[in-house]
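K.L.:
Got a structure for you, questions after.
The values are calculated or read from the model by the stated rules, or taken from the named source; none is laboratory data. Computed from a predicted structure; not experimentally measured. All Cβ positions, even for glycine, are placed from backbone atoms using ideal geometry, and neighbour counts span all protein chains on display. Just the protein is used for accessible areas: all its heavy atoms, side chains included, with ligands, DNA and RNA removed. Shrake-Rupley method; radii C 1.70, N 1.55, O 1.52, S 1.80 Å.
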Amino acid sequence: MGQSNVVLVIFSYGMSATRWKQMGILSKEKVIFEAYLNSGLAERVVWFTYHPDDPALVAEEQKAGRLHPGITVLPAPAWAGRGLGKLFYSVAGPWFQRDAFTQATAMINHQTSGCWTGLTARLLLGGRFVYRYGHSLWRRHLDRKQYARLAFSWPLDRLALACSDHALVCTESDYRATSGGPNVSHCPNFIELESTATAHDAPSQRPNRGVYVGRLMSFKNLFNLIEACAKRQLPLDLYGDGPLRGELEAHAAKVGAECRFLGVRPNHEVREALTQYRWFFLVSNYEAMPKALLEGMAAGCVCVAAPNYGCAEVIEDGVDGVLSTDWEADSIADAMARADGPQMDGMASRAMTKVRDQYSLERVLSLHRKALLGGDR
């Protein structure tokens with residue numbers, strides 16, 4: 001590889017490094033891009049984001065030694081993060097930032113939402129575009145019966161698959177739904193095992209307490225999770241924040257659940273804390289490739305998940321975790337009962353092995369290298 005390789009990363013629609021920092025996930029999301037630099041895949045990584053303060057934030061993180069110096073961020077206009085300005089910038093941004101786009105060896109989008117920025121850049125300016133097919137917009141719209149949005153997201157997905165130079169498809173089910181071929185790869189999410197805290201105790205030796213990590217949003221099905229924990233008299237800690245926090249706190253009090261709402265914490269702190277919990281929960285109505293679940297498995301927790309397509313691809317029911325039969329509180333409680341016994345330690349051990357073998361950073365980085373540089377480079 002020559003020393004001129006530059007990878008331009010297109011953030012999700014409306015997303016920014018500032019927002020990642022506020023959500024406590026900057027330390028997690030930056031990992032793959034720092035791996036590009038540390039492995040020699042790229043000499044520079046350039047971020048296309050939507051917040052005017054991102055250059056200052058990146059400089060601050062680099063000065064503190066928390067971000068690789070090879071990462072730069074394109075300055076977004078003040079209007080790029082709101083309303084119609086955000087939409088306009090997602091389409092016209094490559095023209096405004098055309099010097100950076102034309103100098104890039106390859107472009108890659110972070111999520112399906114906003115991938116049209118890469119398609120626009122490829123059409124207007126040329127260059128290699130890798131479509132990272134992460135969270136499936138069309139599947140989410142189908143699950144929610146949002147048919148007007150589905151009429152946009154399904155053609156967008158097909159267009160991105162057809163027009164990209166390579167596609168990295170996150171879930172196996174979405175991969176099977178593509179036409180396949182040498183320019184489409186199944187590339188799941190990953191866990192940075194070196195920075196993941198080591199689980200010293202088997203789950204049966206840990207305090208009988210559950211944990212959830214993520215946004216407090218309606219599709220996360222947290223009302224039913226809290227009710228299920230109340231039925232099992234299981235204390236539950238929730239890391240994260242969102243618009244439903246007040247309602248969830250009231251619901252926990254109503255059903256007699258012992259819940260602690262711990263807010264947004266740095267990802268490294270959460271990873272360390274996970275090794276102290278017996279149970280990890282992710283019972284969302286839908287998920288694509290849930291990284292939080294992989295982290296729970298890597299921490300040696302007994303993982304209980306809902307049968308959405310993302311979780312069902314990761315967990316083999318009764319082998320390395322448990323899937324509820326549906327999304328109701330009784331089903332979640334029943335799944336907990338099925339896992340609660342001498343078999344829990346074996347399930348947790350098999351989950352840790354699966355994450356190490358199938359979801360390592362090294363494996364995913366090799367797939368990114370092939371997609372971004374082409375051929376066997």
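K.L.:
Express the Stokes-Einstein translational diffusion coefficient of the range 245-292 in µm² s⁻¹, to the nearest whole number, given a Kirkwood radius over alpha-carbon pairs, 20 °C and a viscosity of 1.002 mPa s. Write out the running numbers ahead of the final one.
P.N.:
Working: Rh = 13.1 Å.
Rounded, D is 163 µm²/s.
K.L.:
I would also like to ask the following. Is it possible to state the helix-based mean residue ellipticity at 222 nm for the chain, with each DSSP H run of 4+ residues giving -39500 (n - 2.57), the sum divided by total residues, to the nearest 500 deg cm²/dmol? What is it? Mind showing how you got there, number by number?
P.N.:
Working: 18 runs with 172 residues, N = 377.
The per-residue figure over the chain is -13000 deg cm²/dmol.
K.L.:
While we're looking at this one, here's another question. Kirkwood hydrodynamic radius, computed over distinct alpha-carbon pairs, for the range 231-377: how many Å, to one decimal? Walk me through the numbers before you get to the answer.
P.N.:
On the way: mean 1/r = 0.0602 Å⁻¹.
Roughly 16.6 Å, rounded to one decimal.
K.L.:
Okay, moving on. Among 64-70, 299-305, how do they line up by average Cβ neighbours within 10 Å per residue, starting with the highest?
P.N.:
Details: 64-70: 13.4, 299-305: 27.3.
Order by mean packing, descending: 299-305, 64-70.
K.L.:
Under a no-solvent Debye model with one identical scatterer per Cα of the range 1-64, what's log10 I(q)/I(0) at q = 0.18, 0.21 Å⁻¹?
P.N.:
-0.68, -0.91
K.L.:
Compute the whole-percent fraction of alpha carbon pairs in the range 6-127 spaced more than 23 Å apart. It would help to have the intermediate numbers written out before the result.
P.N.:
Working: 1738 of 7381 pairs.
Tail of the P(r) past 23 Å holds 24 percent of the pairs.
K.L.:
Looking at the range 75-219 from every direction and averaging, what is the projected area of its Cα convex hull in nm²?
P.N.:
Numbers: hull surface 51.5 nm².
Here the figure is 12.9 nm², rounded to one decimal.
K.L.:
Okay, moving on. I'd like to check one number: the per residue accessible area of the chain, probe 1.4 Å, reported in Å² as a whole number.
P.N.:
Working: 15850 Å² over 377 residues.
Here the per-residue accessible area is 42 Å².
K.L.:
On each of the three principal axes of the Cα atoms of the range 283-340, give max minus min coordinate, whole Å, ordered largest first.
P.N.:
25, 23, 15
K.L.:
Remind me, relative contact order of the range 20-157 in percent, using alpha carbon pairs under 8 angstrom and six or more residues apart?
P.N.:
Details: 153 pairs, mean separation 20.7, N = 138.
In percent, rounded to a whole number, it is 15.
K.L.:
Moving to a separate point now. Which three semi-axes in whole Å describe the equivalent ellipsoid of the range 111-169, each the square root of 5 times a Cα gyration tensor eigenvalue, listed largest first? It would help to have the intermediate numbers written out before the result.
P.N.:
Details: eigenvalues 98, 25, 12 Å².
In descending order the semi-axes read 22, 11, 8 Å.
K.L.:
Against the longest principal axis of the chain, how steep is helix 344-358, in degrees 0 to 90 to the nearest 10, with axes from Cα atoms?
P.N.:
The answer is roughly 10 degrees.
K.L.:
In Å³ and rounded to a whole number, note down the convex hull volume per residue for the Cα atoms of the chain.
P.N.:
Values: hull volume 51.2 nm³, N = 377.
It comes to 136 Å³ per residue, whole-number rounded.
K.L.:
Can you check how the C-alpha radius of gyration of the range 54-93 compares to 2.2 N^0.38 Å, as a plain ratio?
P.N.:
1.43
K.L.:
A further question follows. Given a 1.4 angstrom probe, I'd like the percentage of the accessible area of the chain that is carbon and sulfur, rounded to a whole number.
P.N.:
Carbon with sulfur: 51 percent of the solvent-accessible area.
K.L.:
Please turn the phi angles of the range 248-261 into ³J(HN,Hα) values with the Karplus equation 6.51 cos²θ - 1.76 cosθ + 1.60 (θ = phi - 60°), one per residue in order, whole Hz, x for glycine and proline.
P.N.:
Computed from phi, the couplings for the range 248-261 are 5, 4, 5, 5, 4, 5, 5, 8, x, 8, 8, 10, 10, 9 Hz.
K.L.:
Here's something else I'd like to know. Which of the peptides 5-18, 261-274 is most tightly packed, and how do the rest follow, going by the mean number of other Cβ atoms within 10 Å of each residue?
P.N.:
Order by mean packing, descending: 5-18, 261-274.
K.L.:
Which value, in Å³ per residue, describes the convex hull spanned by the Cα atoms of the range 170-271?
P.N.:
Details: hull volume 16.7 nm³, N = 102.
Considering the Cα atoms of the range 170-271, their hull volume per residue is 164 Å³.
K.L.:
In debye, nearest 20: dipole of the range 210-344 around its Cα centre with unit charges on the Cβ of K, R (+) and D, E (-)? Don't skip to the end; give the middle numbers.
P.N.:
Values: 12 positive and 19 negative charges, 72 e Å.
Here the range 210-344 has a charge dipole of around 340 debye.
K.L.:
Please enumerate, by chain and number, the lysines with C-alpha under 23 Å from the C-alpha of residue 231, excluding those fewer than 8 residues away in the same chain.
P.N.:
Cα-Cα hits under 23 Å: 220, 254.
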